[in-house]
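Bear in mind these aren't lab numbers, they're just calculated from the coordinates by the rules spelled out. Keep in mind that what you see is a predicted model, and the values were worked out from it rather than measured. Heads up, the Cβs are rebuilt from the backbone with ideal geometry, glycines too, and the neighbour counts pull from every protein chain shown.
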Amino acid sequence: MTSKTTASLMAIGVACMIGALTGTALAQSADTPPAQAGAGAAAAVSGDGGQQQQPAAEAAAGQEAGGKQALPNGQDITPDHMENGRWYTAEDIPTFKIAEDGTVDWATFSGYRRYSAECHVCHGPDGEGSSYAPALKNSVLNLGYYDFLEIAASGKQEVNTAANLVMPAFGTNKNVWCYIDDIYAYLLARGVGELPRGRPAKREDKSEEFVAQEDSCMSG
């Protein structure tokens, strides 16, 4: 696990103890089949469940001075530096980098693979949502990265007169948590429209740094 994700988990642990999971929807309804192992990993979702989509004008990242990109929530997603084979912003938030010819950085491609393996069962292919879970490609545009981590790690449950919605916790699932930054970067690329649906046609090779971090997290 990256040092940044480890530090994030320490902050998440405190928030989880006091149940500070508010203002977000959930991945799965009690009327639907239980989530399969790893499904719905990156369920940091918006305030409305199901397939409700945000208006196109709100779903795109804005261009700031100097060519920087910012989400509707103000978070900068401009790639600034690489660590352990992953791109991060100047604020050390995971992000994506796609070349002019469409070549996707390896971590974002990894996020596509992990999302497709672990998350699409609940949230639908390509982050598009399903009949009982929201479109995560839209959710990440308004939800902060650390809120995303908090919900993915701890899960969420909301009971009301309409439904009993449940999002399982995945903080101890290495198939998800060792790649949570990749999943987040992939969903960002989908959400701002930089990455089309389906398997990316071009990708960079996996770096030695990525392999070393991956092995350390999966065997740790």
### Task
Set the Förster radius R0 to 30 Å, insert the Cβ-Cβ distance between ASP215 and SER131 as r into 1/(1 + (r/R0)^6), and round the FRET efficiency to 0.05.
0.20
### Query
Under 18 Å from the Cα of LYS174, which lysines turn up, not counting those fewer than eight places away in the same chain?
LYS4
### Query
What's the extension gain from ASN175 to MET82 if we count 0.36 nm per residue and subtract their Cα-Cα distance?
31.3 nm
### Query
Can you pick out the pairs among LYS68/LYS97; LYS97/LYS156; LYS97/LYS202; LYS137/LYS206 whose Cα atoms lie more than 20 Å from each other?
LYS97/LYS156; LYS137/LYS206
